[in-house]
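K.L.:
Could you have a look at this structure, given as structure tokens, before my questions?
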Amino acid sequence: MNNFGNTIRKLRVSRRITQEQLAKDLFNRSSLSKIEHEQLEASYENQIQLIRRLGLTPNEFEYICDNYHVNNKNQLLHRFFNLEDSSETDKVKALLDDCIKYENDNDISRIIKVLQSVLLLNQPRGINQAKKLVQPIWYDYLAKVDLLTITDIAILNTILYAFEYQTAKDIIKRISYEIDTHYPFKKALRANIMLNLSSIQMQQQEFESAVSTLINLKPTLKKLRQYDKLLVANIRISICEGNKAKALEQVNLLHQIDANRLATALEQEIQEYL
């Protein structure tokens, strides 16, 4: 992260925090001084710890680091994080085109593969090609790293479909742990992961497990005020319980709040299971 140490120093001084206080249990004061003067690079995990001790999220800190501007990479990441509907082909293609223009960045290179796989999924019999394209992201790289970034987690959450059941469950366990341990403020991302888990459980006919996952998720969705996803949870619970009438009633509520694409996808789920 460019300008990391200098930004840490400015924020620490502005908050009247001593070097000893900020460095406590991470490293000694001398090491922090070298970090602040760009003479020593902290590990990613320690960078996150320092940022949190200053009362900021990583995104807030990076925004300050970049002189209160959102850099090009972060703009691309933001668009990727908010691309929830893979059926919006035009948006996927536009983001893919812009990512291809951004050269020499490993995160963006992986996102390019994910976007290409999404386009393959929208083609007849494209699923096998899509799986082959994205599976190496996990097997060749992310499975071997010690700490997953938010970008890594978002990518994995997008490509869970590409793995057999046990591997998908292992990935979900890993990314859930990372969020709970390192990124507890990312509650919306964790909620999306749990919704994906419920879908995987339903595909495996593990309906009781899916209901348990969804019931445990509902309080979080209420706190986040994600009422469209709360309806998704209710619909899937109704599907698991074999209550088609109740599921369709909840789908109608999605239509009423203009979540028509989501409603259509859930109608397909109802058709598939009931």
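K.L.:
Could you go through region 204-213 and let me know if any residue there is of a type in the set (A, V, I, L, M, F, W, C), surrounded by 19 or more Cβ atoms within 10 Å (Cβ to Cβ) and either closer than 22 Å to L266 by Cβ or more than 11 Å from the chain's Cα centre (by Cα) (or both).
P.N.:
yes
K.L.:
Also, quick follow-up: Scanning for something touching a Pro at 6+ places or on another chain (Cβ under 9 Å) and aromatic (F, W, Y), does region 168-183 turn up at least one residue? Quick ask: steps written out before the conclusion?
P.N.:
Applying the first criterion (touching a Pro at 6+ places or on another chain (Cβ under 9 Å)) to region 168-183 yields 183.
Then drop every residue that is not aromatic (F, W, Y), which leaves 183.
Scanning region 168-183, I find at least one residue that is touching a Pro at 6+ places or on another chain (Cβ under 9 Å) and aromatic (F, W, Y), so the answer is yes.
K.L.:
State all residues of region 74-121 that are small (G, A, S) and either open to solvent by 70 Å² or more (accessible area, probe 1.4 Å) or not in a helix (DSSP H, G or I) (or both); if no residue qualifies, say none.
P.N.:
S86, S87 - these are the residues of region 74-121 that are small (G, A, S) and either open to solvent by 70 Å² or more (accessible area, probe 1.4 Å) or not in a helix (DSSP H, G or I) (or both).
K.L.:
I'd like the residue in region 252-274 that is among the β-branched types (V, I, T) and surrounded by fewer than 17 Cβ atoms within 10 Å (Cβ to Cβ) and, out of all such residues, is nearest to Q205 (Cα to Cα).
P.N.:
T264
K.L.:
Further question on the same structure: Any residue in region 216-232 that is within 19 Å of K169 (Cβ to Cβ) and open to solvent by 50 Å² or more (accessible area, probe 1.4 Å)?
P.N.:
At the first step, the residues of region 216-232 found to be within 19 Å of K169 (Cβ to Cβ) are 216-217.
From what is left, the residues that are open to solvent by 50 Å² or more (accessible area, probe 1.4 Å) are 216.
There is at least one residue in region 216-232 that is within 19 Å of K169 (Cβ to Cβ) and open to solvent by 50 Å² or more (accessible area, probe 1.4 Å).
K.L.:
Return the residue satisfying two criteria in turn: it lies in region 146-159 and is open to solvent by less than 30 Å² (accessible area, probe 1.4 Å) and in a loop (DSSP other than H, G, I, E, B), and of such residues it is modelled with the highest pLDDT.
P.N.:
Among those that are open to solvent by less than 30 Å² (accessible area, probe 1.4 Å) and in a loop (DSSP other than H, G, I, E, B), it is I159.
K.L.:
Right, next: Mind checking whether some residue in region 98-108 is at negative phi and in contact with a Phe, Trp or Tyr (Cβ under 6 Å, 6 or more places away or on another chain)?
P.N.:
Yes, there is a match, as at least one residue in region 98-108 is at negative phi and in contact with a Phe, Trp or Tyr (Cβ under 6 Å, 6 or more places away or on another chain).
K.L.:
Right, here's the next one. For region 203-231, what are the residues that are of a type in the set (A, V, I, L, M) and either at pLDDT below 95 or in a loop (DSSP other than H, G, I, E, B) (or both)?
P.N.:
L224
K.L.:
Can you work out which of the residues in region 123-138 that are charged (D, E, K, R) and not in a loop (DSSP other than H, G, I, E, B) is least open to solvent (accessible area, probe 1.4 Å)?
P.N.:
Result: K131.
K.L.:
Here is a follow-up. Hey, can you tell me all the residues within region 1-25 that are surrounded by 13 or more Cβ atoms within 10 Å (Cβ to Cβ), outside any helix (DSSP H, G or I) and free of Cβ contacts under 8 Å to residues at least 12 places away in the same chain?
P.N.:
Correct list: K24 only.
K.L.:
Hey, among D66, D97, which residue is over 30 Å from V232 (Cα atoms), at pLDDT 95 or above and of a type outside the set (A, V, I, L, M)? Can you show your working first?
P.N.:
On the way: D66 fails: at pLDDT 95 or above.
Exactly one residue qualifies, and that residue is D97.
K.L.:
Tell me which residues, restricted to region 28-51, are farther than 24 Å from N74 by Cα and either open to solvent by 60 Å² or more (accessible area, probe 1.4 Å) or at pLDDT below 90 (or both).
P.N.:
N28, R29, K34, H37, Q39, L40
K.L.:
Pairs under 6 Å by beta carbon, first residue under 15 Å from Q201 (Cα atoms) in region 235-251, partner modelled with pLDDT of 95 or more and open to solvent by 20 Å² or more (accessible area, probe 1.4 Å), six or more apart or different chains?
P.N.:
I235/Q250; I237/V211; S238/K246; I239/Y273; C240/F207; C240/V211
K.L.:
Determine, yes or no, whether Q49 is part of a helix (DSSP H, G or I) and polar (S, T, N, Q).
P.N.:
yes
K.L.:
Still on this structure, please answer the following. Out of the residues in region 175-202 meeting the condition of being part of a helix (DSSP H, G or I) and free of Cβ contacts under 8 Å to residues at least 12 places away in the same chain, tell me which one is nearest to E272 (Cα to Cα).
P.N.:
Looking at the filtered set, the residue picked out is Y177.
The values are calculated or read from the model by the stated rules, or taken from the named source; none is laboratory data. Quick caveat, the model's predicted, so the values are computed rather than measured. Because the Cβ atoms are built from the backbone with ideal geometry, glycine has one as well, and the counts that use them run over all protein chains shown. The accessibility values were calculated without ligands, DNA or RNA, using every heavy atom of the protein model including side chains. Shrake-Rupley method; radii C 1.70, N 1.55, O 1.52, S 1.80 Å.
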